[in-house]
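This report concerns only the one structure given below.
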Amino acid sequence: DRIEAVSRLWRAGNNRRVPADPRLTNQQRRRLRQMPRAVDGHTQGASYREIAEAIFGPARIADASWKTSALRDVTIDLVKDGLALIAGGYRALLRRRRRK
C-alpha cells in the first residue's frame with residue numbers, strides 16, 4: 001500500500017495520469033464526496049429534503065413521495081455517516097483492506 005501511495009504521489013507530481021485507488025469502490029468514492037455536502041447542509045439548518053435536492057437533484061425528489069422515498073433514507077445516512085467521519089471516523093478509511 002505504501003509503495004502504491006508513493007507511486008500515485010509521484011505520478012500526480014509529474015503530471016501523469018493517476019489511477020483510481022483500488023481500495024475503494026466507485027460507490028464508496030461517491031458517498032465520500034456526498035457526505036461533506038450533506039453535513040454542510042445539515043449544519044446550516046437545511047431539511048433532509050433540501051439536502052437531497054442539492055445532492056440528487058430536484059427532479060428525482062419530486063417524483064416520489066418523500067416520507068417513503070429511498071432517497072430520504074440515503075440522505076439521512078449520508079448526514080449520519082458524515083458526522084461520524086468528522087467525529088474521528090475518518091481514521092477507519094486508513095484501515096480499509098484491499099479489494100482483490
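The values are calculated or read from the model by the stated rules, or taken from the named source; none is laboratory data. Please read all numbers here as calculations on a predicted model, not as lab measurements. Please note: Cβ atoms are built from the backbone with ideal geometry, for glycine as well, and neighbour counts cover all protein chains shown. Note: accessible area is taken over every heavy atom of the protein model, side chains too, but ligands, DNA and RNA are not part of it. Shrake-Rupley method; radii C 1.70, N 1.55, O 1.52, S 1.80 Å.
Between the entries (i) 0.98; (ii) 1.13; (iii) 1.08, the label attached to Rg/Rh (Cα atoms, Kirkwood Rh) calculated for this structure is (iii). The charge dipole of the chain, taken about its Cα centre with unit charges on the Cβ atoms of Lys, Arg (+1), Asp and Glu (-1) only, comes to about 800 debye.
Counting only protein heavy atoms and using a 1.4 Å probe, the accessible area of residue 74 comes to about 50 Å². A simple rule links phi to the HN-Hα coupling: the Karplus curve 6.51 cos²θ - 1.76 cosθ + 1.60 with θ = phi - 60°, which for the stretch 33-43 gives 6, 7, 4, x, 5, 5, 5, 4, x, 4, 5 Hz, with x for Gly and Pro.
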